[in-house]
Structures are given as C-alpha cells and as structure tokens.
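Working notes for the structure below.
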Amino acid sequence: MKLDYEREERFLLWLGFVLGPGAKQYERALAPFGGNAEDFFNAAQKRALPPECGIKAEVLERIFASASERYMLGCFRRLQEYDISALSVRMPDYPSLLKEIYDPPPVLYCRGELQEAELPIGIVGSRSPSEYGRNMAYRFAKELAEAGACIVSGLAYGVDCIAALGALAAEKNDFPTIAVLGCGVDMVYPANNRDIYDKIMRRGAIISEFLPGTAAKPSYFPMRNRIISGLSRGVLVVEAAEKSGTLITVDCALEQGRDVFALPGRLIDAKSEGTNELLRSGQAKFTSAAEDILEEYRGIGMAQKKNEPKTVKKPKKKAAKTAPVQKEELPKEREELPAEQRLILNILAKGEKSFDELCELTGLSVPLLNSTLTEMEFSGIMKQSPGRVYSL
Amino acid sequence: MLAKIKSYGLMGIEGFAVSVEAYVSRGMPAYDTVGLPDAAVRESKERVRAAIRNSGFEFPVQRVTVNLAPADLRKEGSVYDLPIAIGLLAATEQIAPSPLLEECLFLGELALDGTLRGVPGILPMVIGAYGQGIRKVILPRENAAEASYIEGVEVYAAENLRQITAFLGGEPTLTKEKTRTWDSASIAYSMDFADIRGQQGAKRAAEIAAAGGHNLLLVGTPGSGKTMLARSIPSILPELTFEEALEITKIQSVAGTLRGTEGMASERPFRSPHHSASTASLIGGGTRAMPGEISLAHYGVLFLDEFPEFRKETLEALRQPMEDGVVTITRATARSTYPAQFMLVAAMNPCPCGNFGSRTAQCRCSQGQISRYLGRISGPMLDRLDLHVEMSEVGYEDIASKSRGEPSAVIRERVNKARSIQVERYKKEGILFNAQLTSRMTGNFCILDEGAERLLQKAFASLHLSARAYTRILKVSRTIADLEGSEKILAHHVAEAVQYRSLESKYWGDTRR
C-alpha cells in the first residue's frame, strides 16, 4: 500500500480532498497554474486565487481554511489510519482505462491493492435478480475470473455482490475483482455485505471517488456507475428491468466506447426486459458463454497467454462446450434416478416451474411430489426459490 | 317482609349463585341497592319501578333495600332486573307465596313497560345453576334457545313480567321449553375446499395443519388466495363435539355475540381481527375483563391477515395463551380466565409491496425494507408456527378451470382419522394432538426409522436448519405419518415435512445466497 507520496502528489491529492468529487472543477481549478497543485496551494494560503479557477465563494472559504501544511498532514495521517490509499488522476498508477474517459474522478480512494488489471470486465444487473440471474452472475463472474479477467462491480445487493463472490471463487486469479462504491471506501453499504467487503479487500480492491466517511446517497450511484464502466473494457449485463439503474451503467459504457454484453432472458420476464431490449437494438452483444466475451479480447492479458500456443480453432471448440448454458445435465446419473425424479427433471429442463404447475404437469399426488422435491433438493439437482418456484 | 330470589352472576365464563334479597320496611321512602352493584345494576331501580307500575302492580312507597349476596363479589349487568322485581312483589305480598319462588332461577332485563329483554351469558349461568341443583329457570324468550340445550333443566321463557307473575300464581301462562338436542351433522359450512382452484400444495398444508392442530403461516403475493384458504379451514377441522360446542357457546354467550342466533354454536369459529387490533381486543380485557378474539376463536381458527402489520407487543402477547390454551385477564375490578385453544393461521406478503418472488410482477422493495418487514415476526413467534406455506400465484387457467378440487368432507374424513389416532396415542399425556407435543414428548412419540433419520441429518447439513426448526419438522412429520396411518415416521414423511419448513432459509435468512 502506498502511503508515502511525492511532494507534487501530496498537493494534487490535497486539492482532491478539499474540492471533493467532480472532474471538471478539479481541472478548471488547476488550469491557471498550469496544472501545478503546489502553486495553487501557495496561492490559496495567500488567499489569492484567480477567479478563473471558477470556485464558488463558500468553497473558496473552505479552501483557504484548509490551505495549511497541518491540515494536509492531518488528512494523510487519517488516510493511513484507515488503511486507505489515494490516487490522483495525474499519478502514473491511476487506472489507464479510467483515465481515458470524459470525466475521470480526480482522486480515487482505495482499500486493498489496486493493480492495473489486464482484462477488467464489469458485471452489472438487478438488485433483486431472479434465480436465473443469480446463477448466471455467479457463473459468468467465476468463469471470466478463471480466464484471467478482473470483475468490476458495485458491491450493492443482488448481481453486484454475487458477481464479486463468483470472481472470488476463482482461486488462481490473484486480482479477481474490484468493487466500486457509491460512498466512502471505509463505509460498508449495505452493511450486511461486510463479509464480502472483507474478502474483496484481501484479494482485490475497493475504490471510490468519494471522500472517506461519505455516506451513501441515491444520487451518488449513477456517478459510481460511470467508474464501473470506465474501469472496464466491457460490461456484462446480467438482468435489468426496462427502467433500471443498470441501464445507466450501460449508457455510460456506450458513451465511453466500452463493449456491452447482455444475457438473453425470457420474454415474459420483467427482470429481463432491459437486457432483451439491449440485444434487440444491437447495443449489446448476445452472450451465452464466458467465451463470447473473452473472444473479443483475444490478445489481451491472460486470455492471450492461455490461447497463444494453441491453434486458432481451439477456442471455438471450447466455446461450443460451454455455450449451451441451460442444458447442463448428467445423462448417466439421470438414468439411475427414480422415475418421478426423472419426470420432474425433464419438466424443469424446459424452465422453472411453480409447485402448482409441477403438480399439474406431473400428475403426482401432493405428498409424493413434496417428498420427491425434497430429495432432489438435497441431492443438489434442483433449487427452490421464493414463491415456491423450482429450477435446475 | 323479606323475599329471597335466586339468580346468577358471572365471572369469566364461570357462574356463581346470587341471592337477591328484597326487604321492604317502614320509614322514609327510599331505595338502596347493596352488594357491590355496578352502574347497570344500580340503574335497575328505575327500570324495575316503571316495569312494576306498568304491569299493574304497586311500587312500594316505603324503605326498600335490595341486597345481592354474596356481598363481596361484583355484580354486573342488567340480568338482576327480573329477580329484583319479583323479589319486591313478593316482599310486598303482591304475589302469593309459592314454592316456585324458591325453586326457580330468575334471569332477565326489564323494559319500562314490563317486557323482558335478553341478556348475555345465559348459557354459563344455567349450566352453573344446574350444577348447584337448580332445575327450573325463568328467563327472557330471547335467551330460551341457548338455555334449552341443557338436559334436565326446565326452561320457561317469558315475554313480560305479567306472564311470570301469573305463572307464579298458578296459571299456565308459561310452558316448558322443549329440550333441544345438538347435532353436529346439521352443520352447513359456508366455505368448501372444492371451491379453491389450484393451490394444491397449500391445501395439503392446511390438511396437515388441521390433522395435527398445527399453526399455519401462509406467505404469498396479494391475491393468491390466502384469505380464502384460511376461511375454508374450519370446514376441514373435525366436527364439534357437544362439549366443545357448549364451551364455544359459553364464550359467545359471555361476549354477547350469541343473541338472535340458534342458541348453540354449530360451526367452529373463525375470527379475523384487523391488524390494527389492540392487545386488549385480541387477548381480552376492558374494565369488565371481557373475552378477546383469541377466546372467541376457541376450538376454531384465529386468522391474522397481514401478520407483520400487527403491533409487535400484540403478537408477543399471543405467545403465552398459545402455549397454555387459556388466558387469564386481570383488571383492577375483575379477574377472569377464558379458554383460548385456537389454531392460528397467519398470512403475510413476502415483502412490503407483495411481489417478492413473483414471476409476473416486479418487486419494488429494497433488501433492507424486506428484512425489516420480515423482522417484525420474532423467532419465538415463528417457532410456534409449525407449517410455513408459500402460496403460488394463481394464473388465469386456474381461475377459469372448471375442475373442482376435493370437497372438504373428504378431507375432513382423513383429518378425523388422524386425530383419533393421536387422541389414542396421547391418552396418558393429557394432550390431544401433535402440535401440543413438548420437546420431551417428541423424543417418545416421534420415532424415526433409519431412512428418516438419515434424511433429517441431511436436511440439517444442507438447509442450515435451526434447533427450533428441528422440533417443528418432527411434529409435522408425525402428523403426516398419522394421516397415512403409519406408526413410525418414514423417510418420505420427513421429506414432505421439510417442504413446509421454515421460510427461514429463504426469507428470514440470508437472501443474498
């Protein structure tokens, strides 16, 4: 962790502390000084900032009050205390992809070890995904991370934290995930994500453009979303309703020239309306396997190392292997299952079903169906989700 | 010039004999009522005066003292109007002494014109009086029905004071009411399981709950038929026995909800208080310590819709009566014990907006909102709800389908059979059904075979069940085995019970993954 900063860096960061988030303001303030933050600092000490800086009167007062070595020292000491490192956009370690965007955060606060990921992929989606969404988010995150990608997500409820968990499950990847927060990096929001937060801090990085200690606010999340897409080469949308915050991230990604991938969903599923629309309009690439994403970035990072010695055709074959996501069954073992279980399996292979539907379709008595479902649940062939809906 | 008339008072649903003594002496005209009368009793003076005059008698212009003995118990209500009036008439010798004056129990309120009005609580009073050797009762016509179910008591129903005085004088103005017999077969249920479309899983859960006396928690999106299912449950509960009907009627009689009905409860009660109900209205209370909803639901179903919307302390107050089957209400002026053996059917949405887990509608609740909503139901409360059922959404095909389900009568037959097995098994334990099993008793009675044991272990490992879920699954498995007539609990019984386990792992637990 980097806690000792160069002299110039200290002034750059100090400016970030006093101005808060907002890329334009930061650049504008530095412009009259030719980008030299130390000069800005000195001018502020003399209470003589030129009007070209475009700083509002009330903020100006604050800057004058904070323009002291003591204040700056206090800030860095505080950061050190909380184990937070800070990165200015003008520092070389700043993520290169993020630097390219229109409004990169002037200062990033970071916990854990932020590395330059070779293949950062954002995964976004509904905060309350369906069982299908959950499974897919986990699975894609894991497969991508195993192929060397770094999963960028938002550590909120639903797809966000499931994706992070999936990435962490790729044990060989030593930098599997980055979480971007809509509050200060030292805050865990939502609070019951604490365990995931700790895990990410150990193996990945948690970043935010907000000053440590900032509480989450609804308006901060769209701002965070631009960082998620900005950090990533491509963004995978798992599940999104027609009007959802997820689509804000997609807009950001498209504006920033990032690739967008989307998983297809069922037509009647409200939670997939957004993703289906993205696919229909051609804004997103149809994705049914991790390979669909990886093949776009051949020649980058680990995907490259892995595929270089192999023939060109090999990955295609691999794609074919993983592509049919849903039809993953174990035909051999299925033969040995009792007749009722096989019957249910065949029905569920066509999609999730509620208890009543199963009752009707199988024609089994309720007690028998109940006990059969329990057995199947235990053997792990099937899952039950809220609303008594069963799926493979 | 003293007259003593027999009457009766109530404390809870038990009665106590009251002797109404009227004494008329010379002196300044005055009227005093003593013996801890409440306001309604004290006011009886005016009603009695008018009723006596308007029936063609003289109201004594003398010093009148009315004593209600025993003097240390509170007397409530207007039931003493009639005995006081008769006592005054006897004390002033306006009616001739008759052995009937000593033998009869007098109960009833008087109107100013001398007609008789019905009063609450007649049934427990008559039952109590019968126990004390009284065999003749004179009461208002309105109350005749409920009293006439008691065998061995001659019930005379009167319209007005005049009829009674004539009867006491030896005229045949009143005739003995015919003793009614009570027949459980005559019950007509207003709801039937055959009318519920779809919801096979929930119907089965209701059957299990009825068979084992288990409390039931229904979780489902709005409009999935939670209320309809709950309302139909009384129709699959075993038929009332006479003793049960008597007890239900007693409570209804005390609560005053019996007036104008057939006299005897024929159906198991179904009570569904609104979620804004106060603790006192649910448990019982008020200055007179009246029975609450839980007692009115005695031997029947207490349905609490929108369960998490009930006030927390109200729900917590339910726990003790659920355990004991009785509730004792103590007030400054009264203390009453009412029976409260009810089957609790609770219904709730899976989240504040109701659409969590729905496949057709979008849930708008945040995770925090959902966990706060569910958190309103405490663990110990959840502990007492043996079966948790998720209701599926009802699709158009279900509503439109013409096929009728199994009728309640068929299900009731199975429930009856399972119940009689339980009664036989628990003869020595003093309990009636599986839901009442204590954890000590589960060890003795819930014997698992090897396969069931293994399955339960597996359930624990893979579902992260709590200790309280364990006993619950055992009890429900026991009932499922009873429904099948199996002495031992087999693997598939446990397997089915697990399906009705706690939503803990899904809703109450970590919803993330």
Self-check item: Top-ranked residue of the range B:57-66 - restricted to ones that are buried (at least 20 other Cβ atoms within 10 Å of the Cβ) and touching an Asp or Glu at 6+ places or on another chain (Cβ under 8 Å), ranked as nearest to residue B:11 (Cα to Cα)
Solution: B:66
Exercise. Could you please give the count of residues in the range B:66-88 that are assigned to a helix (DSSP H, G or I) and within 17 Å of residue B:32 (Cβ to Cβ)?
Key: 6
Quiz item: Scanning the range A:135-144 for residues that are touching a helix residue (DSSP H, G or I) at 6+ places or on another chain (Cβ under 7 Å) and buried (at least 24 other Cβ atoms within 10 Å of the Cβ), which turns out farthest from the other protein chains (Cβ to nearest Cβ)?
Solution: A:144
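Need a quick list: helices (runs of 4 or more DSSP H) entirely within the range B:352-466 having at least 1 residues that are farther than 30 Å from residue A:245 by Cα. Lay out the reasoning, then the answer.
Numbers: elements: B:367-375, B:379-383, B:396-400, B:408-425, B:439-445, B:450-463.
It comes to B:379-383, B:396-400, B:408-425, B:439-445, B:450-463.
Only one residue in B:91, B:157, B:129, B:111 is at pLDDT 90 or above, surrounded by 17 or more Cβ atoms within 10 Å (Cβ to Cβ), aliphatic (A, V, I, L, M) and over 30 Å from the mean Cα position of the chain (by Cα). Which one? First the steps, then the outcome.
Numbers: B:157 fails: over 30 Å from the mean Cα position of the chain (by Cα); B:129 fails: over 30 Å from the mean Cα position of the chain (by Cα); B:111 fails: surrounded by 17 or more Cβ atoms within 10 Å (Cβ to Cβ).
Result of the check over B:91, B:157, B:129, B:111: B:91.
Are any residues in the range B:473-513 among the acidic types (Asp, Glu) and either over 27 Å from residue A:156 (Cβ atoms) or at pLDDT 85 or above (or both), and if so, which ones? Write out each step before concluding.
So in the range B:473-513, the residues among the acidic types (Asp, Glu) come out as B:482, B:484, B:487, B:496, B:504, B:510.
B:482, B:484, B:487, B:496, listed by residue number.
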Quiz prompt | Members of the range B:187-207 that are of a type outside the set (Gly, Ala, Ser), out of contact with any Ser or Thr (no Cβ under 6 Å at 6 or more places or on another chain) and either surrounded by fewer than 18 Cβ atoms within 10 Å (Cβ to Cβ) or not assigned by TED's automatic domain parsing to the domain that holds residue B:386 (or both) | solution = B:195
Quiz item: Within the range A:139-151, which residues are within 12 Å of the chain's Cα centre (by Cα) and not aliphatic (A, V, I, L, M)?
Solution: A:150
Quiz item: List, please: which pairs have Cβ atoms under 7 Å, are six or more places apart or on different chains, and start with a residue in the range B:141-153 that is in contact (Cβ under 8 Å) with a residue 12 or more places away in the chain and end with one that is among the hydroxyl-bearing types (Ser, Thr, Tyr) and surrounded by fewer than 22 Cβ atoms within 10 Å (Cβ to Cβ)?
Solution: B:148/B:179; B:150/B:130; B:151/B:179; B:152/B:130; B:153/B:130
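Identify all residues within the range A:113-131 that are touching a strand residue (DSSP E or B) at 6+ places or on another chain (Cβ under 7 Å) and more than 14 Å from chain B (Cβ to nearest Cβ); write none if there are none. It would help to see each step written out before you state the result.
Taking the range A:113-131 first, the residues touching a strand residue (DSSP E or B) at 6+ places or on another chain (Cβ under 7 Å) are A:113-114, A:117, A:119-125, A:131.
Within the range A:113-131, A:113, A:114, A:117, A:119, A:120, A:121, A:122, A:123, A:124 meet the criteria.
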Quiz item: Give me the pairs: first residue in the range B:41-56 and over 20 Å from residue B:74 (Cα atoms), second residue of a type in the set (Lys, Arg), beta-carbon distance under 8 Å, and six or more apart or on different chains, which are they?
Solution: B:55/B:162; B:56/B:162
Quiz item: Are any of the residues in the range B:370-378 within 14 Å of another protein chain (Cβ to nearest Cβ), closer than 29 Å to residue B:494 by Cα and modelled with pLDDT of 80 or more?
Solution: yes
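Being crowded, with 19+ Cβ neighbours inside 10 Å and in contact with a strand residue (DSSP E or B) (Cβ under 9 Å, 6 or more places away or on another chain) narrows it down to one residue among B:220, B:256; which is it?
Numbers: B:256 fails: crowded, with 19+ Cβ neighbours inside 10 Å.
Just a single option satisfies the conditions, and that option is B:220.
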Practice problem: Report yes if some residue within the range A:216-234 is among the basic types (Lys, Arg), at pLDDT below 90 and over 21 Å from residue A:130 (Cα atoms); otherwise report no. | Solution: yes
Exercise. For the range B:94-105, state whether one or more residues are among the acidic types (Asp, Glu) and surrounded by 18 or more Cβ atoms within 10 Å (Cβ to Cβ).
Key: no
Practice problem: Check residue B:281 against each of (1) outside any loop (DSSP other than H, G, I, E, B); (2) modelled with pLDDT of 90 or more; (3) in contact with a Phe, Trp or Tyr (Cβ under 9 Å, 6 or more places away or on another chain) and name the one condition it does not meet. | Solution: (3)
Practice problem: Kindly provide the set of residues from the range B:408-428 that are free of Cβ contacts under 8 Å to residues at least 24 places away in the same chain and within 25 Å of residue B:443 (Cα to Cα), ordered by number. | Solution: B:420, B:423, B:424, B:425, B:426, B:427, B:428
Practice problem: For the range A:158-175, indicate whether the set of residues that are assigned by TED's automatic domain parsing to the domain that holds residue A:293, part of a helix (DSSP H, G or I) and touching a Gly at 6+ places or on another chain (Cβ under 6 Å) is non-empty. | Solution: yes
Practice problem: Consider only pairs whose beta carbons are under 6 Å apart and that are at least six residues apart or on different chains; among these, list those whose first residue lies in the range A:366-392 and is more than 9 Å from chain B (Cβ to nearest Cβ) and under 24 Å from residue B:360 (Cα atoms) and whose second residue is part of a helix (DSSP H, G or I) and among the charged types (D, E, K, R). | Solution: A:391/A:131
Quiz item: Quick one: would you say residue A:186 is surrounded by fewer than 16 Cβ atoms within 10 Å (Cβ to Cβ) and either under 26 Å from residue B:370 (Cα atoms) or without any contact (Cβ under 8 Å) to a residue 60 or more places away in the chain (or both)?
Solution: no
Exercise. Looking at (1) under 21 Å from residue A:133 (Cβ atoms); (2) touching a helix residue (DSSP H, G or I) at 6+ places or on another chain (Cβ under 8 Å); (3) facing chain B (nearest Cβ under 8 Å), find the lone condition where residue A:354 falls short.
Key: (2)
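Identify all residues within the range B:40-56 that are out of contact with any Gly (no Cβ under 6 Å at 6 or more places or on another chain) and crowded, with 17+ Cβ neighbours inside 10 Å; write none if there are none.
At the first step, the residues of the range B:40-56 found to be out of contact with any Gly (no Cβ under 6 Å at 6 or more places or on another chain) are B:41-50, B:52-53, B:56.
B:41, B:44, B:45, B:47, B:48, B:49, B:52 - these are the residues of the range B:40-56 that are out of contact with any Gly (no Cβ under 6 Å at 6 or more places or on another chain) and crowded, with 17+ Cβ neighbours inside 10 Å.
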Quiz item: Taking the range A:360-372, which residues are surrounded by 22 or more Cβ atoms within 10 Å (Cβ to Cβ) and over 39 Å from the mean Cα position of the chain (by Cα)?
Solution: A:369, A:371
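Could you name every one of the helices (runs of 4 or more DSSP H) located completely within the range B:158-277 that has at least 3 residues being over 26 Å from residue B:404 (Cβ atoms) and either in contact with a His (Cβ under 9 Å, 6 or more places away or on another chain) or within 14 Å of another protein chain (Cβ to nearest Cβ) (or both)?
Numbers: elements: B:161-168, B:200-212, B:226-232, B:242-255.
The helices (runs of 4 or more DSSP H) meeting that bar are B:242-255.
Restricting to the range A:176-189, what's the tally of residues that are out of contact with any helix residue (DSSP H, G or I) (no Cβ under 9 Å at 6 or more places or on another chain) and either of a type in the set (Gly, Ala, Ser) or not in a loop (DSSP other than H, G, I, E, B) (or both)?
Going residue by residue through the range A:176-189, those that are out of contact with any helix residue (DSSP H, G or I) (no Cβ under 9 Å at 6 or more places or on another chain) are A:184-187, A:189.
Pick out the ones that are also either of a type in the set (Gly, Ala, Ser) or not in a loop (DSSP other than H, G, I, E, B) (or both) and you get A:184.
So the count comes out to 1.
The values are calculated or read from the model by the stated rules, or taken from the named source; none is laboratory data. The structure presented is a predicted model; accordingly, all values stated were derived computationally and were not measured. Counting neighbours? That spans all protein chains shown, and the Cβs are built from the backbone with ideal geometry, glycine included.
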